[in-house]
Amino acid sequence: MNDYQINICHLYPDLLNLYGDTGNIICMKSRLERRGIKCEVTGLSVGDKLNAADFDLFFIGGGQDFEQDALLKDADQNKKADIRAAIDDEKVFLCICGGYQIMGQYYRTWDGKQLDFMGLIDFYTEGHEKRMIGNYMFECDALIALDNAAEIKADDLIVGFENHSGQTFLGEGIKPIGKVLSGYGNNEKAEYEGMHYKNVFGAYCHGPMLPKNPRFCDLLLQTALDRKYGRGTVALTELDDTLENNAHNYMVNRLSK
C-alpha cells in the first residue's frame, strides 16, 4: 500500500440506489485498493453538511422520480454551494439517472408540474408518459478523450440498463457522453446519451455502470488522481479484467444483433 488515497463522497446513499447503483462505489474502491491506492468512502444524506474540500470524487445514484421534497430542500440548503465549488474545481462526479437529473435546471412532469433542481449545469428534463427502458449501448470514446486530462481512454462502447420516463435536453456547450447505438439515451430524438461538463459525467446507465465498463471506471479514477496529485504522478497499473470484459463483451454482442 502506498501513500496515495482517493476520498469518495457518496451523496444520498439511502435514497438514491436503484438497480444496484451502489455497485459503482464498490467497483471504484476495489479497483483502487487492488492497485495499492487507499480509498475512503463517506456517505452523506439529508441533514449532513458537505465540505467539498474533503473529497476527490463524488457519486450520486438513481432514485424514483423526484417527489422527495426533503432531498431537494436539503441539497439546496446543505450541499449546493459546495457541489458548485467542487465542479468549478474540476473534481470528478459520476451522476446516475435521478442523480444526473438533479444537477440540471429543473424537471417538468408530464402533467405540467415543475420541480426546480440544483441548476448547476445547463440542461433540463421533461417527464413523459412513455418509459424508456431496457439494456442499451452507446459509443463514447471520441467525445470524452478529446477533453479529458487523463491519459486513458474510456471504453469505445458503454453498456448498461436504462429505465426513465424523463427526457433530458442539454444546453448549448454541454456535451453528451456518447452516441446511442442501441436503446434511447437522453431522449427519443437526440440519439445521444448522458452529459459531460468539466469532470462531471451524468448518465442514465444503471446496471451498475462501472463493473461492466472497467475502462470508463479507470478514466474516472485516473482523472481524480491526476487532479489531486498532478498529471503523470500516479499511473493506474493494469488489472486482470477477464470477468469484467466477459460481461461487457457479452452485452455488446447481444445488443449488436
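Values in this text are rule-based calculations from the coordinates and carry no lab data. Fair warning: this is a prediction, and the values are worked out from it, not measured in the lab. Virtual Cβ from ideal backbone geometry, glycine too; neighbours counted across all protein chains shown.
Remarks
- Loop-located GluC sites (Glu not before Pro) in the range 160-257 (DSSP state other than H, G, I, E, B) with a sparse environment of at most 11 neighbouring Cβ atoms within 10 Å: E172, E188, E238.
- Averaging over all projection directions, the Cα-based convex hull of the range 52-139 occupies 6.8 nm² in the image plane.
- Percent RCO, i.e. relative contact order, over the chain, from Cα pairs under 8 Å lying at least 6 residues apart: 19 percent
- Lys, Arg +1 and Asp, Glu -1 on Cβ, resulting dipole of the chain about Cα centre, debye, nearest 20: 240 debye
- The largest-to-smallest principal axis extents of the Cα set in the range 182-229 are 41, 23, 12 Å.
- Shown here for the range 1-93: trypsin sites (Lys or Arg not before Pro) in loop regions (DSSP other than H, G, I, E, B) with at most 14 other Cβ atoms within 10 Å, namely R34, K49.
- The share of alpha-carbon pairs in the chain lying farther apart than 35 Å comes to 9%.
- Projecting the Cα atoms of L50, F201, H248 onto the dipole axis of the chain, where Lys and Arg carry +1 and Asp and Glu carry -1 at the beta carbon, places H248 farthest toward the positive end.
- Most fluctuating residue given options L170, L239, L32, as computed from a GNM of the chain linking Cα atoms under 10 Å: L239
- Linear extension gain, K38 paired with A85, 0.36 nm per residue minus alpha-carbon span: 14.5 nm
- For a modelled paramagnetic label at N246, 7 Å from Cα along Cα-to-Cβ, no residue of the range 176-207 is in reach, as no backbone nitrogen comes under 12 Å.
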